[in-house]
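Q: Below are the structure tokens for one structure; questions will follow.
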Amino acid sequence: MKVDNQKKKARRRFVPSNIRVGHGGTLDVEAAGVLVFGINNGCKQLGEYLVGGKSYLATGLLGVATESYDAEGNVTLLADTATVNGSKIQEAIPQFIGEIMQRPPIYSAIKLDGKRLYEYARGGENIPTEIKPRSVTVSDVKLLYYENQAAGEKIGRQVMLPTDYADYYATGRYEWQNLAGTPVVGQPLLPFANQPTAPKFQLLINSGGGVYAKLWGQQQRWSHS
């Protein structure tokens with residue numbers, strides 16, 4: 001017993017009591033990616049590792065919008081996509097390239113008055129002040145894949161995620177249950193997120209920091225007009 005106590009005391013002597021840990025950003029709920037951490041002196045060096053741009057691989061459904069700008073929220077808008085084609089999407093892309101103003105969504109991880117925005121949204125609370133638009137830079141947007149079975153059109157090839165991520169976004173809450181019908185305004189989109197026949201697209205977005213890729217599709221309401 002005496003030996004064990006001595007070992008415990010020795011371990012305590014070598015455990016630093018002032019470890020500092022920092023990170024180089026935030027990830028929104030349900031987002032997957034790389035988050036850079038710094039420990040002790042590494043906190044001061046975080047800026048060096050965050051220089052440069054970022055790349056986002058974003059997959060979206062055509063003809064539907066949600067309150068959370070992703071599959072988790074309730075449907076707020078449905079639109080006809082039967083006549084949407086790849087050319088219309090390509091024509092819309094340039095308006096999102098360059099220095100643009102973007103208002104962070106309420107379901108984001110940025111803090112406002114010491115609390116993350118998604119905590120206000122998920123708790124049904126009103127935000128204390130207006131969310132101000134931010135200037136962000138998007139260097140390039142590429143349409144990698146587009147498929148609209150109703151219009152009989154398919155462009156490109158869908159980029160597959162690493163197995164762990166692909167399984168997460170295809171099983172559990174996201175698993176397609178072969179439901180009848182279509183999404184309904186006011187109801188959750190999640191049960192239809194992986195509907196095989198739903199029109200979908202995939203983008204590769206290269207940008208600076210602070211860009212919310214899930215706002216991209218919301219800002220462009222694809223329709224037949």
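Q: Sort out which residues of region 168-196 are open to solvent by 80 Å² or more (accessible area, probe 1.4 Å) and not aliphatic (A, V, I, L, M), and write them in order of number.
A: Tyr168, Arg173, Glu175, Gln177, Asn178, Thr182, Gln187 - these are the residues of region 168-196 that are open to solvent by 80 Å² or more (accessible area, probe 1.4 Å) and not aliphatic (A, V, I, L, M).
Q: Say whether the condition of being open to solvent by 70 Å² or more (accessible area, probe 1.4 Å) and either of a type in the set (A, V, I, L, M, F, W, C) or in contact (Cβ under 8 Å) with a residue 24 or more places away in the chain (or both) is met by at least one residue in region 112-132.
A: yes
Q: Checking the condition touching a residue at least 40 places away in the same chain (Cβ under 8 Å) and either surrounded by 12 or more Cβ atoms within 10 Å (Cβ to Cβ) or touching a His at 6+ places or on another chain (Cβ under 8 Å) (or both), which residue from Tyr56, Tyr49 passes?
A: Going through Tyr56, Tyr49 in turn, just one is touching a residue at least 40 places away in the same chain (Cβ under 8 Å) and either surrounded by 12 or more Cβ atoms within 10 Å (Cβ to Cβ) or touching a His at 6+ places or on another chain (Cβ under 8 Å) (or both): Tyr56.
Q: Are there any pairs with C-beta distances below 6 angstrom linking a residue in region 59-80 that is charged (D, E, K, R) to a residue that is part of a loop (DSSP other than H, G, I, E, B), with the two at least 6 apart or on different chains, and if so which?
A: These pairs meet every condition: Glu67/Gly73; Asp80/His224.
Q: Further question on the same structure: Just one of the numbered conditions (1) within 23 Å of Gln202 (Cα to Cα); (2) of a type outside the set (A, V, I, L, M, F, W, C); (3) surrounded by fewer than 15 Cβ atoms within 10 Å (Cβ to Cβ); (4) at pLDDT below 75 is not true of Lys7; which one?
A: In the conditions (1) within 23 Å of Gln202 (Cα to Cα); (2) of a type outside the set (A, V, I, L, M, F, W, C); (3) surrounded by fewer than 15 Cβ atoms within 10 Å (Cβ to Cβ); (4) at pLDDT below 75, Lys7 misses (1) alone.
Q: Among the residues of region 70-81, write down those that are of a type in the set (Gly, Ala, Ser) and touching a Gly at 6+ places or on another chain (Cβ under 9 Å).
A: Listed by number, the list holds a single entry, Ala79.
Q: Here's another thing I want to ask about it. Ala92 passes all but one of (1) at pLDDT below 90; (2) under 25 Å from Gly24 (Cα atoms); (3) not in a loop (DSSP other than H, G, I, E, B); which number fails?
A: Evaluating Ala92 over (1) at pLDDT below 90; (2) under 25 Å from Gly24 (Cα atoms); (3) not in a loop (DSSP other than H, G, I, E, B) leaves (2) as the failure.
Q: May I ask you to list the residues in region 32-46 that are open to solvent by 50 Å² or more (accessible area, probe 1.4 Å) and in contact with a helix residue (DSSP H, G or I) (Cβ under 9 Å, 6 or more places away or on another chain)?
A: Ala32, Phe37
Q: I need the full set of residues from region 46-66 which are modelled with pLDDT under 85 and assigned to a loop (DSSP other than H, G, I, E, B), in order please.
A: Leu50, Val51, Gly52, Gly53
Q: So, in region 133-151, of the ones that are assigned to a loop (DSSP other than H, G, I, E, B) and open to solvent by 70 Å² or more (accessible area, probe 1.4 Å), which residue ends up modelled with the highest pLDDT?
A: Looking at the filtered set, the residue picked out is Gln149.
Q: Residue check: is Gln90 within 19 Å of Gly210 (Cβ to Cβ) and of a type in the set (S, T, N, Q)?
A: It is false that Gln90 is within 19 Å of Gly210 (Cβ to Cβ) and of a type in the set (S, T, N, Q).
Q: Then there is this: Do any residues in region 90-107 that are more than 24 Å from Ile131 (Cβ to Cβ) and touching a residue at least 60 places away in the same chain (Cβ under 8 Å) have Cβ atoms under 9 Å from those of residues that are in a loop (DSSP other than H, G, I, E, B) and aromatic (Phe, Trp, Tyr), where the two are at least six apart or on different chains, and which pairs are they?
A: Ala92/Trp222
The values are calculated or read from the model by the stated rules, or taken from the named source; none is laboratory data. Source: prediction; values computed, not measured. Using ideal geometry, Cβ is built from the backbone for each residue, glycine included, and neighbour counts are taken over all protein chains shown. Surface areas here come from the heavy atoms of the whole protein model, side chains and all, with no ligands, DNA or RNA. Shrake-Rupley method; radii C 1.70, N 1.55, O 1.52, S 1.80 Å.
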